[in-house]
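Engineer: My questions will all concern the structure given below.
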Amino acid sequence: MERLPLTDEDKELFKCPAVITQLPIMFETGLQLLELTGQCAGCKRLIHNDLFRGRVNTGFRGVAVVEAVGVCKQCKLVTRFLFRFKKDATYETINDQGEWVRIYLSFGVLDFLKNMFAAMRRWLRRLLSKAV
């Protein structure tokens, strides 16, 4: 992996709080993003939470944008991250060719059922509040 010089944006992102301190991200569908960990682009190890820093922007309806950098403790490589998490349990990121790709989040069956029932409860509450 080629080591590029740090950009001013990398330095600014590293001055931001750890991403973990800006979670959870909650969507109106009931979907919650409770954890987010970076993976080193060089050695593929997980980046320690304290060294995974950046901005979490939830100002867009149904989308949360995460811009971050992570420093790998093992190989000292800085990895850049840009994610767009969406309320439909997908996220987009830029691949090695510079193209946006969509990825579907995977959940365990229990998480899926919990999210589904939470969404059904909210839908019923809205329906009942309109009927009254």
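Engineer: When the range 1-39 is examined, which residues are found to be among the aliphatic types (A, V, I, L, M), in contact (Cβ under 8 Å) with a residue 24 or more places away in the chain, over 21 Å from Asn95 (Cα atoms) and not in a helix (DSSP H, G or I)?
Structural biologist: Ala18, Leu23, Ile25, Leu31, Leu33
Engineer: Check Gly42 against each of (1) surrounded by 14 or more Cβ atoms within 10 Å (Cβ to Cβ); (2) under 14 Å from the mean Cα position of the chain (by Cα); (3) assigned to a loop (DSSP other than H, G, I, E, B) and name the one condition it does not meet.
Structural biologist: (2)
Engineer: Could you please give the count of residues in the range 50-75 that are among the β-branched types (Val, Ile, Thr) and touching a helix residue (DSSP H, G or I) at 6+ places or on another chain (Cβ under 8 Å)?
Structural biologist: 4
Engineer: Can you tell me which residue in the range 30-39 is farthest from Leu82 (Cα to Cα), limited to those that are of a type outside the set (A, V, I, L, M) and surrounded by fewer than 17 Cβ atoms within 10 Å (Cβ to Cβ)?
Structural biologist: Residue satisfying both the conditions and the ranking: Gln32.
FYI, it's all coordinate maths here, none of it is from the lab. Quantities reported herein were computed from a predicted structural model and do not represent experimental measurements. Ideal geometry is used to build each Cβ from the backbone, glycine not excepted, and the neighbour counts take in all protein chains shown.
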